[in-house]
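A short write-up of the structure that comes next.
The values are calculated or read from the model by the stated rules, or taken from the named source; none is laboratory data. Remember, predicted model here, so these are calculated numbers, not experimental data. Ideal geometry is used to build each Cβ from the backbone, glycine not excepted, and the neighbour counts take in all protein chains shown. For accessibility, only protein heavy atoms count, side chains too; no ligands or nucleic acids. Shrake-Rupley method; radii C 1.70, N 1.55, O 1.52, S 1.80 Å.
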Amino acid sequence: MERVLPQRLYLDHAATTAMTSAARAGLLRGVEMWANPSSPHAEGREARAGLEQARKEIGAAYGWTGEILLTSGASESLWIALRRGIGGRRLVSRVEHDAAMRAAGERADFIDVAADGRVCLTDLRNKLALGAAGDAMTAAERPLVCIQWCNSETGVLQPIADVAQIVHEAGGLLLVDAAQMPASPALADLADFVALSAHKRGGPPGIGALLVRNLATLVPTGGQERGYRAGTENLPAALGYAAALDEPEPDHTTLRQRLDDAIRRSGGIVVGEGSPRHPAIGSYRLPGVSANAQLIRLDLEGIAVSAGSACASGSLKPSHVLRAMGWTEEDTREVIRVSFGRNTTEADIERFIQAWRKMARGARMLAA
């Protein structure tokens, strides 16, 4: 008898999520408005007007009154800020996204995190104190601190307001990676730079933004985007991104709590338990079962999840995020990430729980 394959269940929305209907409509409007926004003729001016309107709407969603540079995504935004931001040392937490680690390069100094995945504020103060003090600091000496507001692997939320106060009191600049966070004006008074990505928020892939409080803190290179990025602007994607931000995102706290409780009762471990966490991202360890084995078994059940962030899940290296939190290399290899989207339901979570329990029972039988 032919096996009936289960309907697919996608629980990897932190890697990317489907475009909203509004985003698709915005994308199509941009396709129809196909002229180059840098061209001086009427068609180009119309395209430029559309691009600037999209820029305005993106800024409004974040309550941002500074500059908005459109980029290809959060990774490029991080690279621009960390490589071309005026200042001296780059301080990044030990649980930052790989893109931030690479962009910080050899100039990086690392900020420790506690076992719960949150930045150690005492270590941040101590690292900042190694530089020149406040008023005596030149622009070239100002440290630039990069913190991912929501960790893309664990969902742990950093105390951004506390971090911002410490950084600014030390005369530094703060770059916040907000790629995983919903649009919010909370950063408008806290960050000097903000890295954003559309495809995490229901917008098109290949578009993002770098919010910049003061362009004087960034070295220009010529080209488009006020001279801070080269290349023809991606008008369709910009319109799609702006439209996606108009659609509210649901609060999945109750669903994630239901999943957390079920994981614990089944003998699993909730990563970052006790820390504030993103309501739509959960990271879990199933002792005795490798993450790769879990991914394969769940995929056969028609369920898509991931092992860590999408940029690192294809790697055989242990998670640097979990290692920084004090996990052993062996334990890190047994952790998967489950992340919800706009349309994730209680029935979807129940289906995942049943599949997880099946794997847990199998692990217990093998260990017996």
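Below, the figures for the structure above:
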| quantity | calculated |
| --- | --- |
| Number of positions in segment 10-55 that are within 24 Å of the chain's Cα centre (by Cα), of a type outside the set (V, I, T) and not in a helix (DSSP H, G or I) | 8 |
| The one condition in (1) touching a strand residue (DSSP E or B) at 6+ places or on another chain (Cβ under 9 Å); (2) closer than 20 Å to P6 by Cβ that I296 fails to fulfil | (1) |
| Restricting segment 316-350 to residues that are without any contact (Cβ under 8 Å) to a residue 40 or more places away in the chain and of a type in the set (A, V, I, L, M), the residue that is nearest to G272 (Cα to Cα) | L316 |
| Residue in segment 56-64 that is in a helix (DSSP H, G or I), farther than 22 Å from Q180 by Cβ and of a type in the set (V, I, T) present | no |
| Pair list, Cβ < 7 Å and 6+ apart or interchain, from segment 109-127 residues that are within 16 Å of A164 (Cβ to Cβ) and of a type outside the set (G, A, S) to residues that are in a helix (DSSP H, G or I) and open to solvent by 60 Å² or more (accessible area, probe 1.4 Å) | L121/D162 |
| Positions within segment 71-106 being closer than 18 Å to Q180 by Cβ and outside any helix (DSSP H, G or I), in sequence order | T71, S72, G73, V92, S93, R94, V95, E96, H97 |
| Residue selected from segment 223-258 under the condition in a loop (DSSP other than H, G, I, E, B) and among the hydrophobic types (A, V, I, L, M, F, W, C), by the criterion surrounded by the fewest Cβ atoms within 10 Å (Cβ to Cβ) | A230 |
| Evaluation of M325 against (1) buried (at least 17 other Cβ atoms within 10 Å of the Cβ); (2) modelled with pLDDT of 95 or more; (3) farther than 20 Å from R94 by Cα; (4) not charged (D, E, K, R) (one fails), failing number | (3) |
| Sole residue being within 30 Å of L174 (Cβ to Cβ) and either open to solvent by less than 70 Å² (accessible area, probe 1.4 Å) or modelled with pLDDT under 95 (or both), chosen from A60, A25, A49, A74 | A74 |
| Scope segment 86-98; condition open to solvent by less than 10 Å² (accessible area, probe 1.4 Å) and closer than 18 Å to V212 by Cβ; matching residues | R90 |
| Residue that is nearest to Q158 (Cα to Cα) [pool: residues in segment 107-124 that are open to solvent by 50 Å² or more (accessible area, probe 1.4 Å) and assigned to a helix (DSSP H, G or I)] | T122 |
| Some residue of segment 156-173 being more than 18 Å from W79 (Cα to Cα), of a type in the set (S, T, N, Q), in contact (Cβ under 8 Å) with a residue 24 or more places away in the chain and surrounded by 21 or more Cβ atoms within 10 Å (Cβ to Cβ) | yes |
| Scan of segment 184-222 for residues that are under 12 Å from R84 (Cβ atoms) and open to solvent by less than 10 Å² (accessible area, probe 1.4 Å), ordered by number | F193, L210, V212, L218 |
| Within segment 210-224, tally of residues that are over 19 Å from A178 (Cβ atoms) and either among the acidic types (D, E) or under 24 Å from the mean Cα position of the chain (by Cα) (or both) | 1 |
